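S.K.: Dropping a structure here in structure tokens format, bear with me for questions.
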Amino acid sequence: MRFTLDSEQRLFAETVRGLLAGADACGAARAWGRGDHAPGRALWRALADAGVFALAVPEEHGGAGVRPVELVAALIEVGRHGVPGPVVETLAAARVLGDPKALAGIADGSLAATLALPPLVPYALDADAADLVLAVHGGALHRAEPAGGPHRSLDPARRLFSCSPAGGIASAEASPSSAAAEFGALACAAQALGAGRRLLDTTVDHVRTREQFGRPIGEFQAVQHRLADTLIELEFAGSLVYGAAVAHGGPDSARDASAAKAAASEAAYRAARTALQLHGAIGYTDEFDLSLWIRKARALHTAWGSPAHHRGRVMAALTGK
Amino acid sequence: MDLDFTDAEQAFRAEVRAWLREHVPESPLPSLETEEGFAAHREWERELHSARLSAVSWPEEYGGRGATPLEWLVFEEEYHAAGGPGRVNQGGINLLAPALFAHGTAEQRARVLPPMAAGAEIWAQAWSEPGAGSDLAGIRSTASRTDGGWLLSGQKIWSSRGPFADRAFGVFRSSGERHRGLTYVMFPLDAEGVTVRPIGRLDGKPAFAELFFDGVFVPDADVIGEPGDGWRVAMSTAGNERGLTLRSPGRFTAAADRLVRLWAERGDPADTALRDRVADAWIRARAYRMHGYAVLSRMHDAGSEASMYKVFWSELDVALTETALDLLGPDGELDGPWLEDYVFALAGPIYAGTNEIQRNVVAERVLGLPRAGRGGR
């Protein structure tokens, strides 16, 4: 057993982290929220060039085969840097699509897809920016068309669209609904975890330098303990997320993805609450970039199934009840 | 990255599982914290030892099997899944023995470890004092130099297993202040000058004791490490007390599986709030298990990270057993295994350094925050 990233996987994660740290992901997220997708698509291509999207595409369609561990490592970085766009949705689509051309496009970064899966995922994220809009209806995969303008999300970088089915498309899965739901939950858990880590790190930096009563507020135990609890929750959620990645495709795959999603959403949301509280009023502003992650953590809490939904899935898998 | 076990590890698991299936008592032993239960658990330690399963990670010469950390984790998973009895000698096996391996002499190891593994000598710890709990460096009980050894005087408290154990270990002040000048010693609880006063825990069972020392002689041979270096010796094993070793993941995954079964039998599917608590307990137990695998895979000393595990498992233990009592409803207050586990769990956030102290450690040493004000400011 070696339940830790090997050197190649670590190098890959560092590569993704480096390329996102060097790009203006915050600026791209702000632009995305205004409907300007160009900087976001540039980030998208950079992720594709690093091989991220190929990790959900079978080799015969130009991918690297499904590699959940590497994907989780990359998605943690996507979450950490606040990358906008339907990354999780495109990966979930890749997991169930059977259309060779679309799969090849996803792998090389030329095609961004999005996917609705009502009632779990009722809206197609960023359907206006996506090259391929999909929806699972009646257990089958369909092309879909957005109906009307975006619904406003708390996270302006998440532009949500109602959509209706508009013709069939090949699926590689007998049950695209459960396969997409499971993979989307795992991917979303990793993204949330990365957002949570960023919220914690930013807040730790803040409390070391922000002074009140003549000392850094990080000296106060009330502050320290809240951060310690946030770290603990994120650490253990991280082990569940990687555990689910390793278990992917096995007999407990769906159960473990649900456990990971419930824990990671909760941990990231707790990190958001901690970050907001310990930053004080500045954290409550739109202008301060922390808001990008606070809002995202709240949105991801319920995206791809709320913690309650996933706890129910875990219990159903364990007891059949 | 993988979660695969080698053939050897799987064979070890199978052997342990088969032995436990044959030997674990069908009905639970009487409570470990009673005289009758203590004796029954001591007997169980002997039986475990007969299969060389009482201290699997020790070298064979002391009664162990030289098991790897991962094999130890496997043993723990199987042990708790089989419903194995509480380990009456865990203070000795998990705290004293690591100190002996790290700082003891070959003579001490040869003399102390085999009877510990065999359950012939059961050990209690003697750390806390009335004025030194979370602030352990405030120890005032003394060890004064005498011919060929040391004389212990003073008082210890909250000595787990103290009422019925044979021997104990702890640190005493031989000079200096705070962390300096402490000496780590072993002594018999029936030595002349030792008075043991059992203390009833929350449910009245004598789970710990107050110890009084009136010139108790300890020979030099029973000092571990250098005199005056006891803090370092004790802290080198603090991670064992706080981390994976004392409360292994297997303990919680087994308890969570039992909780899920209890829910399947008695839970009201319409009560989703309670269902969610059961699910959370199971998820957190699994997280601890995964984290244990990650820690062993990284193969580095957990150090301050052990404080994270301690907060995590102790709060999980309370949440898990509380949930079981709520599931039992009006039967939850009745004597039974869940209530016994619940009362035991309630002590977890307090012993081995309170969770408040652990959070300080996490904040300062893992997150790198400035040291918190320690009063007087």
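The values are calculated or read from the model by the stated rules, or taken from the named source; none is laboratory data. If you're wondering where the values come from, they're calculated on a predicted model, not measured in any experiment. Every residue, glycine among them, receives a Cβ derived from its backbone with ideal geometry; neighbour counts consider all protein chains shown. We work out accessible area using only protein heavy atoms, side chains counted, and drop any ligands, DNA or RNA first. Shrake-Rupley method; radii C 1.70, N 1.55, O 1.52, S 1.80 Å.
S.K.: Going by the conditions given, is B:Leu29 in contact with a His (Cβ under 9 Å, 6 or more places away or on another chain) and of a type outside the set (Phe, Trp, Tyr)?
M.R.: When the stated conditions are applied, B:Leu29 passes them.
S.K.: Is it true that B:Asp271 is open to solvent by 10 Å² or more (accessible area, probe 1.4 Å), over 19 Å from A:Ala264 (Cα atoms), facing another protein chain (nearest Cβ under 10 Å) and more than 21 Å from the chain's Cα centre (by Cα)?
M.R.: Considered against the rule, which asks whether it is open to solvent by 10 Å² or more (accessible area, probe 1.4 Å), over 19 Å from A:Ala264 (Cα atoms), facing another protein chain (nearest Cβ under 10 Å) and more than 21 Å from the chain's Cα centre (by Cα), B:Asp271 comes out as no.
S.K.: Looking at region A:263-273 only, could you name the residues that are within 12 Å of chain B (Cβ to nearest Cβ) and surrounded by fewer than 24 Cβ atoms within 10 Å (Cβ to Cβ)?
M.R.: A:Glu266
S.K.: Is it the case that A:Leu240 is at pLDDT 95 or above, of a type outside the set (S, T, N, Q), over 22 Å from A:Leu292 (Cα atoms) and in contact with a helix residue (DSSP H, G or I) (Cβ under 8 Å, 6 or more places away or on another chain)?
M.R.: yes
S.K.: For A:Arg67, are the conditions met, namely being among the basic types (Lys, Arg) and either more than 24 Å from A:Ala180 (Cα to Cα) or crowded, with 23+ Cβ neighbours inside 10 Å (or both)?
M.R.: no
S.K.: Among the candidates A:Arg215, A:Arg198, A:Arg210, A:Arg226, single out the residue that is of a type in the set (D, E, K, R) and away from chain B (no Cβ under 12 Å).
M.R.: Criteria check complete, one pass: A:Arg198.
S.K.: I've got another one for you. When you scan region B:345-363, do you find a residue that is out of contact with any helix residue (DSSP H, G or I) (no Cβ under 9 Å at 6 or more places or on another chain) and within 13 Å of another protein chain (Cβ to nearest Cβ), even just one?
M.R.: Checking region B:345-363: at least one residue is out of contact with any helix residue (DSSP H, G or I) (no Cβ under 9 Å at 6 or more places or on another chain) and within 13 Å of another protein chain (Cβ to nearest Cβ).
S.K.: Starting from residues that are facing chain A (nearest Cβ under 10 Å) and open to solvent by less than 10 Å² (accessible area, probe 1.4 Å), keep the ones in region B:274-284 and report whichever is farthest from B:Leu328 (Cα to Cα).
M.R.: B:Ile283
S.K.: Out of everything in region B:105-136 that is within 18 Å of the chain's Cα centre (by Cα) and open to solvent by less than 10 Å² (accessible area, probe 1.4 Å), what residue ends up being nearest to B:Met235 (Cα to Cα)?
M.R.: That would be B:Ala126.
S.K.: Would you confirm whether or not region A:181-194 contains a residue that is out of contact with any helix residue (DSSP H, G or I) (no Cβ under 9 Å at 6 or more places or on another chain) and either within 14 Å of another protein chain (Cβ to nearest Cβ) or polar (S, T, N, Q) (or both)?
M.R.: Within region A:181-194, not a single residue is out of contact with any helix residue (DSSP H, G or I) (no Cβ under 9 Å at 6 or more places or on another chain) and either within 14 Å of another protein chain (Cβ to nearest Cβ) or polar (S, T, N, Q) (or both).
S.K.: Something else about it: Would you check if there is a residue in region B:8-19 being more than 30 Å from A:Ala244 (Cα to Cα) and modelled with pLDDT of 95 or more?
M.R.: Scanning region B:8-19 turns up at least one residue that is more than 30 Å from A:Ala244 (Cα to Cα) and modelled with pLDDT of 95 or more.
S.K.: Among the residues of region B:81-103, is there at least one that is over 18 Å from the mean Cα position of the chain (by Cα) and either of a type in the set (Phe, Trp, Tyr) or buried (at least 23 other Cβ atoms within 10 Å of the Cβ) (or both)?
M.R.: no
S.K.: From the list A:Ala74, A:Ala42, A:Ala31, pick out the single residue that is out of contact with any Ser or Thr (no Cβ under 6 Å at 6 or more places or on another chain), aliphatic (A, V, I, L, M) and open to solvent by 10 Å² or more (accessible area, probe 1.4 Å).
M.R.: Just a single option satisfies the conditions, and that option is A:Ala42.
S.K.: Looking at B:Trp263, B:Trp231, can you tell me which residue is surrounded by 19 or more Cβ atoms within 10 Å (Cβ to Cβ), more than 10 Å from chain A (Cβ to nearest Cβ) and in contact with a Lys or Arg (Cβ under 8 Å, 6 or more places away or on another chain)?
M.R.: B:Trp231
S.K.: With within 18 Å of the chain's Cα centre (by Cα), open to solvent by less than 10 Å² (accessible area, probe 1.4 Å) and either more than 10 Å from every other protein chain (Cβ to nearest Cβ) or of a type in the set (A, V, I, L, M) (or both) as the only criterion, which of A:Ala260, A:Ala254 stands out?
M.R.: A:Ala260
S.K.: Only one of B:Glu60, B:Glu77, B:Glu43 is modelled with pLDDT of 95 or more and more than 20 Å from B:Pro25 (Cα to Cα). Can you tell me which?
M.R.: The conditions single out B:Glu60.
S.K.: Exactly one of (1) at the interface with another protein chain (Cβ under 8 Å from one of its Cβ atoms); (2) touching a strand residue (DSSP E or B) at 6+ places or on another chain (Cβ under 8 Å) is unmet by A:Gly243. Its number?
M.R.: Failing condition for A:Gly243: (2).
S.K.: Right, another one. Select, from B:Ser27, B:Ser54, B:Ser50, B:Ser31, the only residue that is more than 14 Å from every other protein chain (Cβ to nearest Cβ) and more than 16 Å from B:Gly86 (Cα to Cα).
M.R.: Answer to the check: B:Ser50.
S.K.: From the list A:Glu173, A:Glu182, which one is modelled with pLDDT under 95, out of contact with any Phe, Trp or Tyr (no Cβ under 9 Å at 6 or more places or on another chain) and among the acidic types (Asp, Glu)?
M.R.: When all the criteria are applied, what remains is A:Glu173.
S.K.: Taking region A:248-268 as the region of interest, how many residues are part of a loop (DSSP other than H, G, I, E, B) and not charged (D, E, K, R)?
M.R.: So the answer is 4.
Yes or no, residue by residue, for (1) closer than 15 Å to A:Ser171 by Cβ; (2) of a type in the set (D, E, K, R):
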{"site": "A:Pro100", "(1), (2)": "yes, no"}
{"site": "A:Ala104", "(1), (2)": "no, no"}
{"site": "A:Tyr123", "(1), (2)": "no, no"}
{"site": "A:Asp128", "(1), (2)": "no, yes"}
{"site": "A:Asp131", "(1), (2)": "no, yes"}
{"site": "A:Leu134", "(1), (2)": "yes, no"}
